[in-house]
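Beneath this line is the structure, given in structure tokens, with notes to follow.
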Amino acid sequence: MKSRIYWKEIAQFKTRLRDAVPHDDLKALHVRRPGLHLAYAARQFAIIAACSYGLWNLTNPLYWVPLAILQGFTFFNMTVLLHEVVHNAVFHTPKPRIERALGLLYAISSGISASQFTRWHLDHHDNLGSWEDDPKRHWLSPKRNARWYKLLYCTPVLMPLYFRAAAQESKTYEPELRARIARERLATVVIQLSIAGLLWHFGGAGVLARVWFVPYFLVFPVAFTLNRLGQHYNIDPSHPLKWSTVMKASPFWEFLFLFSNFHIEHHYFPRVPFYNLHALHVKLRPLYAELGLRPHGYGEIAWQWFVLNKAPHTDWEAAPASR
């Protein structure tokens, strides 16, 4: 049994959070618009299709490298769409069969198990702040505060690190869930390898590398790592309202990360759909000022993480740089 420490620690501040955003505004921000969600999903799949077409036909690195970067970030953003399904933020009322189908579709596109992600992510929400019970912190936060080790997360090494973490965490699940995760993981692997095989057969090694290998194995880890740096690495451990990082609003990153750069907002109000997080961020700026939380950019966060070698889940404003 996990501690659910976050909800215990945050309980005394719930009124303060509700008072930070006018009631009618908060109610409007929680409104789900299924058509808008599906439109964003269609856009993401259209980006993948357009990038795949370009990557198949273009061999000049000046053209295909930017497309591969966009492709890799879009593969990563399928987890954002899956994340919306996890929080029942797609439809006005629960639609289990449709939500299950969407979850599987998004999970296969990003190369993971939908059921594993669901349990993992909800456990993360319940146990944010715990080194043991939060699976993201327990299994995926670097245990060595060394630059070379941190850089491994930006390489294909992330894949075995992640899947080992998922396998270890799933050992704590009930047998039925473990079996379902195993089936989903097998299906995902078979589908992904089948796509790779078809790309190899019809296009050759170059097409396989440009369309699939480079986006998944070289770009996806960078997108994953950068996104995580803007979540819970630069925090104030002494106050639960400061257990996430405030990131600056940026149209560039909102497009590239599909609004998942607004992570502290999501932890405050998990049921607000991703397309309303920018508006929620604006509403919460006075609260951030009261708490002494200043917005950060990804360039700044990456500099502090890799160059200044700051430790994860600590106050980077107060902590000295590591050697």
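Restricted to segment 89-126, and to residues there that are acidic (Asp, Glu) and either surrounded by 19 or more Cβ atoms within 10 Å (Cβ to Cβ) or touching a residue at least 24 places away in the same chain (Cβ under 8 Å) (or both), the residue that is nearest to residue 158 (Cα to Cα) is 123. Once segment 176-192 is narrowed to residues that are hydrophobic (A, V, I, L, M, F, W, C) and in contact (Cβ under 8 Å) with a residue 12 or more places away in the chain, the residue that is farthest from residue 79 (Cα to Cα) is 177.
If you take the residues in segment 203-241 that are of a type in the set (Ser, Thr, Tyr) and over 19 Å from residue 160 (Cβ atoms), which one is surrounded by the fewest Cβ atoms within 10 Å (Cβ to Cβ)? Going through the qualifying residues, I end up with 238. Within the set 146, 114, 101, the sole residue that is hydrophobic (A, V, I, L, M, F, W, C) and farther than 30 Å from residue 38 by Cβ turns out to be 146. With respect to being closer than 23 Å to residue 126 by Cα, assigned to a helix (DSSP H, G or I) and β-branched (Val, Ile, Thr), residue 245 falls outside the description. Scanning segment 166-173 turns up one or more residues that are surrounded by fewer than 16 Cβ atoms within 10 Å (Cβ to Cβ), of a type in the set (Lys, Arg) and part of a loop (DSSP other than H, G, I, E, B).
Taking segment 249-303 and the helices (runs of 4 or more DSSP H) fully enclosed by it, the elements with 2 or more residues that are more than 16 Å from the chain's Cα centre (by Cα), at pLDDT 95 or above and among the small types (Gly, Ala, Ser) are at 277-291, 298-302.
Do we find a residue being small (Gly, Ala, Ser), within 22 Å of residue 170 (Cα to Cα) and within 21 Å of the chain's Cα centre (by Cα) anywhere in segment 37-48? Checked segment 37-48: no residue is small (Gly, Ala, Ser), within 22 Å of residue 170 (Cα to Cα) and within 21 Å of the chain's Cα centre (by Cα).
If you check residue 55 against the conditions, is it buried (at least 22 other Cβ atoms within 10 Å of the Cβ), in contact (Cβ under 8 Å) with a residue 12 or more places away in the chain, more than 17 Å from the chain's Cα centre (by Cα) and in a helix (DSSP H, G or I)? The answer is yes for residue 55.
When each of 282, 272, 246 is tested for being exposed (fewer than 14 other Cβ atoms within 10 Å of the Cβ) and not basic (Lys, Arg), the lone residue that passes is 282.
Taking segment 1-21 as the range and being touching a residue at least 60 places away in the same chain (Cβ under 8 Å) and part of a loop (DSSP other than H, G, I, E, B) as the test, the residues that pass are 2, 3, 4, 21. Being farther than 24 Å from residue 178 by Cα and surrounded by fewer than 14 Cβ atoms within 10 Å (Cβ to Cβ) is the filter; apply it to segment 127-144 and report the residue that is modelled with the lowest pLDDT. Looking at residues that are farther than 24 Å from residue 178 by Cα and surrounded by fewer than 14 Cβ atoms within 10 Å (Cβ to Cβ), I get 143.
When segment 94-112 is filtered for residues that are assigned to a loop (DSSP other than H, G, I, E, B) and at pLDDT below 95, the ones remaining, listed by number, are 94, 111, 112. You will find that of 155, 118, the residue that is in a loop (DSSP other than H, G, I, E, B), among the β-branched types (Val, Ile, Thr), under 19 Å from the mean Cα position of the chain (by Cα) and more than 16 Å from residue 1 (Cα to Cα) is 155 and no other.
The values are calculated or read from the model by the stated rules, or taken from the named source; none is laboratory data. None of these values were measured; they are calculated from a predicted model. Neighbour counts run over all protein chains shown; Cβ positions are idealised from the backbone, glycine included.
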